[in-house]
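Notes follow the structure.
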Amino acid sequence: MLTNVRLISKDDLLETVQELARDNYRLLSITATEIAGGFDLIYHFAQGMTMLNLRFSIGYEQEVPSITPFYFCAFVPENELKDFHGIKIANLPINYRQLFILSELTPVKTPLAPRAAAASGTEVLPE
Amino acid sequence: MAWVSSARKRSPWLLHYETGGCNGCAIEFVAALTPLYDLERFGMLNTGNPKHADILVVTGCVNARSGRVLRNLYEQMSEPKVVVAVGVCACTGGIFHDGYNLAPGADKVVPVDLYLPNCAARPEAIIDALLTAADLLAETRRRDQHAHQRAPDQQG
Amino acid sequence: MKRRTVIPFGPQHVVFPEPIQFRLILEEERVVDAIPALGYMHRGIEQLATVKDFTKTLYLAERICGICSVMHTLAYAQAIEELMGIEVPPRAKYLRTIWAELGRLQSHLLWMGLAADAIGYESLFMQTWRAREVVLEMIEFTEGSRIMTGSITIGGTKRDLHAESLEFLLHKLEHLEQALNDIYPVFSDDPLIKQRTVGVGLLSKADAIKLGAVGPTARGSGIAEDMRLLGYAAYGELDFQPVVETSCDSYGRMLVRVKECFQSIELIRKAIAKLPPGEVLVKVKGRPEGEVIMRIEQPRGELLYYLKAGGDKSLARWRIRTPTLSNLPPLVHMVKGARLADVPLITLSIDTCIACVER
């Protein structure tokens, strides 16, 4: 089950992550799920075998700060968020501009956020 | 000139490109080269250079980005050449058929001569397909057909 | 400033069976920066899972990667079982462990062969893959197929092992151990291999933590982390310690993998000795609901699944974080400062699995 969840707000993210970096936590990944009106974000950290998950929600138009100052490796999952969900990340040092895994020839944009894609008028996947 | 065609049949060089998919067929292709199956006893050699190769082995489903690379490799190979699609993903897209990023089958990008559907293709089946491909390579009539074949759809 | 050159390395390259591209920025022969370019194998599995039936997604999970197919079905089945509250019979747990370890053996042997090939040691490559065929024979005999076995399912396993199969396994394990005993000294002592790997691709322990290294890449840098210690399947009942090396280079990572082969053989023997009797499959009814995180140890490191289901026939979200994705930032770090000719070997030293990365 999903345990050790700490609910935070978007504005507290950088501060909390800085503390975790100081305590030698490892960043495992970042997961985004499309919910009504926006995205649900979970940042997975671990110290040894114990996990810690930071969770908050954002609206479609809101921007998330990049955590690369504390965890450089976060550029990989953050570029994935841009690719698959179209989430805006502020101050991303290595920015693939939505071409990290998807290519310019991919017929759909933001495949894991179909509602956002439908709202913006780009081609949507058949159900 | 008969020896040329015979030499082609007895020692075709292979170029392998994995276009996507799960890697299983790619690994089985390499396994076919190693001691238990020993593809090299038929004079076949795995080369990394498309200009040296006679047979193009395609494994995996062709996606938006790799289709261009595949097309590029195919065009660099000199005539005569044979394309073998190994695995169900290379034939039709397989389990990923409905994916948003795929072309359903390698034949949408390059002309395919031989289809080997399997998930994953066994080394014995790969050897069988490659021997058949070597036979095709020696057929001059077929070679001419290949040269005049219509350009396939420029998908991917 | 010296003149800089950009060399595209890949996507088609003899060293890799899979396509990945690195844009290497060079100053003469030294790499100053590397930018990975992905997307040559992307299929969109996470999206397909939101359309397909959750029982059919099991087969999709198996086809994320052809090398660690067993691991993906294991992780997916365990995640769904946790969501639905299914208790798997103990015999099935042991069988899963045996098959997972066979999968690890063939994956590590595959990597050892490819590494020998990258070094240019062709005969060692052939010998390692000869030993790998012994493992594949065991897999085929007990699971029915070489790569896509479909032996692990939601609620247990689809096959059972009989006394005859167990005897076959033990017999073949002995063969394999002999072959590995012949191969091991070459990997650990051969001057050619040492010259190419010792001190190449350095990753300090602090960097490994900061950059999120997992699996043998982390264990080669002295981090004793192994998800099998979480005790999923039957690992909790089999006593073992993670293999750790402290040399922090390609040599250390290589030794971790070679030693883990012996560890896997021991684990399979222990599991066969302890194999409990009984059923191997329980009936599964209903649909999953809730959220779950599943972490298991793949041959390449920690695999992380996040599943969210809303009681529908398909999943709401299936996030797959594979080990190679985590090991990419450490790889970029290791390549910096290396010579161009060492790049293929350093890239291989994290055991890249691009099919996993791009899903």
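Data overview
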{"read-out": "Selected from B:V4, B:L36, B:T59, residue furthest toward positive end of dipole (chain B; charges at beta carbon)", "value": "B:V4"}
{"read-out": "Cα gyration tensor shape of chain A, rounded if a/c is under 1.5, else prolate or oblate by comparing a/b with b/c", "value": "prolate"}
{"read-out": "Selection from C:P11, A:S103, C:G156 lying farthest towards where the dipole of the protein assembly as shown points positive, charges on Cβ", "value": "A:S103"}
{"read-out": "Förster radius 35 Å - calculated FRET efficiency between C:A341 and B:L131 (Cβ-Cβ, nearest 0.05)", "value": "0.45"}
{"read-out": "No Cys partner within the rule (Cβ under 4.7 Å), chain B", "value": "B:C22, B:C25, B:C91, B:C119"}
{"read-out": "GluC sites (Glu not before Pro) lying in DSSP loop within region A:1-85, provided at most 14 other Cβ fall within 10 Å", "value": "A:E61"}
{"read-out": "Dipole moment magnitude, nearest 20 debye, region C:208-315 about Cα centre, only Lys, Arg, Asp, Glu C-beta charged", "value": "280 debye"}
{"read-out": "Exposure proxy ranking, count of Cβ atoms within 10 Å, fewest first, for C:H333, C:H72, A:H44", "value": "C:H333, A:H44, C:H72"}
{"read-out": "Per DSSP, loop GluC sites (Glu not before Pro) in region C:22-111 with at most 13 further Cβ within 10 Å", "value": "C:E28, C:E29, C:E87"}
{"read-out": "For a label point 7 Å along the Cα-to-beta-carbon line of C:E87, residues of region C:265-309 with backbone N under 17 Å", "value": "C:276-285"}
{"read-out": "Cα shape, the protein assembly as shown, gyration tensor, a/c 1.5 rule", "value": "rounded"}
{"read-out": "Inverse of mean 1/r across different Cα pairs in region B:2-140, Kirkwood, Å", "value": "14.7 Å"}
{"read-out": "Reachable lysines from C:K158, criterion Cα separation under 16 angstrom, eight or more residues apart if same chain", "value": "C:K56, C:K93, C:K283"}
{"read-out": "Chain C - charge dipole about Cα centre, Lys and Arg +1 at Cβ, Asp and Glu -1, debye rounded to 20", "value": "1040 debye"}
{"read-out": "Members of A:K82/B:K108; C:K259/C:K336; A:K109/C:K210; B:K81/B:K108 lying beyond 22 Å, as alpha-carbon distances in this model show", "value": "A:K82/B:K108; C:K259/C:K336; A:K109/C:K210"}
{"read-out": "FRET efficiency, A:D40 to A:N91 (Cβ-Cβ, R0 25 Å, nearest 0.05)", "value": "0.65"}
{"read-out": "Sparse-neighbour loop sites [chymotrypsin sites (Phe, Trp or Tyr not before Pro); region C:295-359; at most 16 other C-beta within 10 Å; DSSP]", "value": "none"}
{"read-out": "Shape category assigned to region C:68-148 from the gyration tensor of Cα positions, a/c cut at 1.5", "value": "prolate"}
{"read-out": "Burial ordering of C:S314, C:S264, fewest other beta-carbon atoms within 10 Å first", "value": "C:S314, C:S264"}
{"read-out": "Approximate spin-label separation B:R41-A:Q18, in nm, with each point projected 7 Å along Cα-to-Cβ", "value": "6.8 nm"}
{"read-out": "Rounded to 10°, Cα long-axis angle of helix C:163-189 versus longest principal axis of chain C", "value": "10 degrees"}
{"read-out": "Shielding by partners, peptide C:56-66 (average Cβ within 10 angstrom, other chains)", "value": "4"}
{"read-out": "Relative intensity, log₁₀ I(q)/I(0), of chain C from a Debye sum that treats every alpha carbon as a point, q = 0.12, 0.13, 0.14, 0.15 Å⁻¹", "value": "-0.88, -1.02, -1.17, -1.32"}
{"read-out": "For region C:176-270, size of Cβ-based charge dipole, Lys and Arg +1, Asp and Glu -1, in debye", "value": "260 debye"}
{"read-out": "Proximal aspartates and glutamates relative to C:K313, as straight alpha-carbon distance under 13 Å, when same-chain residues fewer than 8 apart are discounted", "value": "C:D53, C:E289"}
{"read-out": "Proxy reagent accessibility, fewest Cβ within 10 Å first, across C:C353, B:C119", "value": "B:C119, C:C353"}
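Values quoted throughout were computed directly from the atomic coordinates according to the rules given, and no laboratory measurement underlies them. What you see is a predicted model, and the numbers here were worked out from it, not measured in a lab. Because the Cβ atoms are built from the backbone with ideal geometry, glycine has one as well, and the counts that use them run over all protein chains shown.
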